[in-house]
Amino acid sequence: MTISMLDQMLFPLSCKHTVVLGRLENKTDWTCEECGQKTDLSSGPFRDLLKKDLDTAHQIDLQEKAKGRTIERLD
């Protein structure tokens, strides 16, 4: 069993803290749990980086599935 890359990759927030990439799927903003600063994920460099990182994680997961591995998401 392989843990999804969505649950392994970290995404940098505007406050310089990080959050697990998979938590940001389908989100337009994120409030940092450590400092309370909000990051707008729907525009600017964060939108582009999030789209790229999500695509990368999904592609890696697909490659692992193609190798016959089971991909598991963490709760």
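Taken together, the values in this text are just the output of simple stated rules run on the coordinates, not laboratory data. Quantities reported herein were computed from a predicted structural model and do not represent experimental measurements. Every residue, glycine as well, gets a Cβ built from its backbone with ideal geometry; the counts of neighbours run over all protein chains shown.
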Inset, instruction - Before anything else, pin down the relative contact order of the chain: Cα pairs under 8 Å, at least 6 apart, normalised by residue count, whole percent. - result: 39
Legend entry - ³J(HN,Hα), Karplus 6.51/-1.76/1.60, whole Hz, each residue of region 38-43, x for Gly, Pro: 8, 10, 7, 8, 9, 8
Inset, instruction - For region 4-18, just list the computed ³J(HN,Hα) in residue order, Karplus coefficients 6.51, -1.76 and 1.60, θ = phi - 60°, integers in Hz, with x standing in for Gly and Pro. - result: 4, 5, 4, 9, 10, 7, 9, 10, x, 8, 5, 7, 6, 7, 10
Legend entry - Mean ellipticity per residue at 222 nm, deg cm²/dmol - from DSSP H runs of n ≥ 4 across the chain, formula -39500 (n - 2.57): -11000 deg cm²/dmol
Inset, instruction - Among the trypsin sites (Lys or Arg not before Pro) in region 11-55, which ones are in a DSSP loop with at most 10 other Cβ atoms within 10 Å of the Cβ? Mind listing them? - result: Lys16
Legend entry - In degrees, nearest ten, helix 44-66 long axis to first principal axis of the chain (Cα): 10
Inset, instruction - Enumerate the amide H contacts of Gln37 below 5 Å, restricted to partners 5 or more residues apart or on another chain; note that Pro and chain-start residues carry no placed amide H. - result: Cys32
Inset, instruction - Report, as a whole number in µm² per second, the diffusion coefficient that Stokes-Einstein gives for the chain at 37 °C and 0.692 mPa s using the Kirkwood radius over alpha carbon pairs. - result: 254
Inset, instruction - Hand me the GluC sites (Glu not before Pro) from the chain located in a DSSP loop with no more than 12 other Cβ atoms within 10 Å, in residue order please. - result: Glu25, Glu33, Glu34
Inset, instruction - For Lys27, list the lysines whose Cα falls under 28 Å from its own Cα; do not include residues on the same chain fewer than 8 positions away. - result: Lys16, Lys38, Lys51, Lys52, Lys65
